[in-house]
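Written out below as structure tokens is the structure these notes cover.
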Amino acid sequence: MTTDSIRTLSITKEVPYPPIGGVNLRTWQNINIMIKFGPVGVFSASNWSPKNTSLPGVTLWKHSNVAIQRSNWEKLENRLWWLYRDKHPDANWAYAKTAAEELEATLTEFQPDLVIIEEVWLYSYLNVVKCYQCPIIFDNHNVEASLLQQRHSSVQGFKSQ
């Protein structure tokens, strides 16, 4: 490894490997591109636990099952999402306070030079990453689906496919 290598941490809302759809495939391709430039770590947060325990070519992988980690208060907040201006119901499913703490520990352990946050659903973890003070890429792909739903949900007779 040269001194010019870049340590990249990719934060994903699903386990990217094996890719089972377009989002996972895009994320897995991005991870493999960054592996060419140096060590890559992955922090994934979803509401299920994967069967696999490693990702090919990835130096460090931490997975957080947010569904089993939420406190009772967080579960109540998720049900009452409409009371909080800064929370969107689709983003809440990928967040738990304990997962944010695990991400903070992962940042400290892995020491990335760059963090890539995949998709809008993970914006809740942005404050944790900002505290680490390294460059951040917010890869906000697939945001158009949420925008389309928001824009046309009030139009009578409009059916989204």
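The values are calculated or read from the model by the stated rules, or taken from the named source; none is laboratory data. Please read all numbers here as calculations on a predicted model, not as lab measurements. Note: ideal-geometry Cβ built from the backbone for every residue, glycine included; neighbour counts use all protein chains shown.
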So which pairs qualify, if the first residue must be in the range 114-137 and more than 16 Å from V15 (Cα to Cα), the second must be at pLDDT 95 or above and part of a helix (DSSP H, G or I), the Cβ gap must be under 6 Å, and the two must be at least 6 apart or on different chains?
V115/V129; Y125/L103; V128/L103; V128/E104; Y132/L107; I136/V129
Just the residues that are more than 13 Å from the chain's Cα centre (by Cα) and either surrounded by 14 or more Cβ atoms within 10 Å (Cβ to Cβ) or of a type in the set (D, E) (or both), please, taken from the range 4-27.
D4, I6, R7, T8, Y17, P19, L25, R26
Residue hits (the range 95-112; within 16 Å of Q133 (Cβ to Cβ) and either β-branched (V, I, T) or surrounded by 15 or more Cβ atoms within 10 Å (Cβ to Cβ) (or both)) are L103, E104, T106, L107, T108, F110, P112
Search result, residues across the range 50-66 that are β-branched (V, I, T) and either in contact with a helix residue (DSSP H, G or I) (Cβ under 7 Å, 6 or more places away or on another chain) or at pLDDT 90 or above (or both):
V58, T59, V66
Give me the residue from the range 14-40 that is in contact (Cβ under 8 Å) with a residue 60 or more places away in the chain and in contact with a strand residue (DSSP E or B) (Cβ under 6 Å, 6 or more places away or on another chain) and, out of that set, nearest to H63 (Cα to Cα).
T27
Single unsatisfied condition, E77 versus (1) more than 30 Å from I6 (Cβ to Cβ); (2) among the charged types (D, E, K, R); (3) at pLDDT 95 or above
(3)
Top-ranked residue in the range 28-49 [being part of a strand (DSSP E or B) and either modelled with pLDDT under 95 or not aliphatic (A, V, I, L, M) (or both); ranked as surrounded by the fewest Cβ atoms within 10 Å (Cβ to Cβ)]:
S46
